[in-house]
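Participant: One structure coming up, written as structure tokens, with questions to follow.
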Ligand SMILES: CC(C)(COP(=O)(O)OP(=O)(O)OC[C@H]1O[C@@H](n2cnc3c(N)ncnc32)[C@H](O)[C@@H]1OP(=O)(O)O)[C@@H](O)C(=O)NCCC(=O)NCCS
């Protein structure tokens, strides 16, 4: 059983650990490289989570029965009169040992519910790596449809991965 809640500055250390592990374990799923975050001080995330409280965006966390952070996803609403009807869904991750328990789906469903309450927000956008077939299936199951493909956007060593653009109305 997990609890989904919006992340606050007090969760910065746990979020730092979780995202560093995600980027190390799934290099083709995220555009940030492990070398860019491995020594990142968690204080940077304290500021980031504090700043989020002043925007329309949020980061959700999935917490296990012991209060440990085991999954996360972020919503970034776009800014400006011509773009504010859209928001980007980024960094969906569930810790490897807790995958296939419905946590990813619970995170996304809660994100969609919360996004639906944001004034003026009409649609969600995201990019998923062609390497992340599990994530793509999950996005399709939660109402996202493919709108395009950006070729060779992520290079990991000698391997290139496309980014698949997906969209969902709210
Ligand atoms: C994608 C991810 C978040 C899914 O989290 P999860 O908690 O395991 O997902 P759920 O248990 O809620 O499963 C929901 C659906 O996802 C799909 N799915 C999840 N894991 C899968 C797998 N290993 N193979 C195929 N489909 C899978 C299935 O459609 C599943 O529905 P089903 O169980 O009815 O078949 C997780 O696998 C992950 O963190 N992957 C690595 C990071 C990543 O790729 N992030 C996406 C970046 S855009």
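Any read-out appearing in this document is the output of simple, stated calculations on the displayed coordinates, not a laboratory observation. This one's a predicted model, so the numbers in the text were calculated from it and none came from an experiment. Positions of Cβ are generated from backbone atoms using ideal geometry, with glycine treated the same way; all protein chains shown enter the neighbour counts.
Participant: Once you have the Cα-Cα distance between residue 85 and residue 158, take 0.36 nm times their residue separation minus that, and quote the gain in nm to one decimal.
Facilitator: Here the segment from residue 85 to residue 158 would lengthen by 22.5 nm.
Participant: Relative contact order, percent, of the stretch 3-169 when contacts are C-alpha pairs under 8 Å separated by at least 6 residues?
Facilitator: 20 percent
Participant: Once you sort the root eigenvalues of the Cα gyration tensor of the stretch 67-170 as a ≥ b ≥ c, which label holds: rounded (a/c under 1.5), prolate (a/b larger than b/c) or oblate (the other case)?
Facilitator: oblate
Participant: Here is a further query. With each pseudo-label sitting 7 Å past Cα toward Cβ, what's the residue 40-residue 65 distance in nm, one decimal?
Facilitator: Here the answer is 3.2 nm between the modelled labels.
Participant: In addition: In nm, give the distance between the simple-model label positions of residue 150 and residue 5, each being 7 Å from the Cα along the Cα-to-Cβ direction.
Facilitator: According to this spin-label approximation, the distance is 3.4 nm.
Participant: How high is the relative contact order of the stretch 22-93, given as a whole-number percent (alpha carbon pairs under 8 Å, six or more residues apart)?
Facilitator: On the way: 73 pairs, mean separation 14.2, N = 72.
It rounds to 20 percent for the stretch 22-93.
Participant: At what distance in nm do the modelled label points of residue 133 and residue 117 sit from each other, each positioned 7 Å from its Cα along Cα→Cβ?
Facilitator: Output for this residue pair reads 3.7 nm.
Participant: What length, rounded to one decimal in nm, is gained on full extension from residue 165 through to residue 25, with 0.36 nm per residue of separation minus their alpha-carbon distance?
Facilitator: Stretched out fully, the residue 165 to residue 25 stretch lengthens by 48.1 nm.
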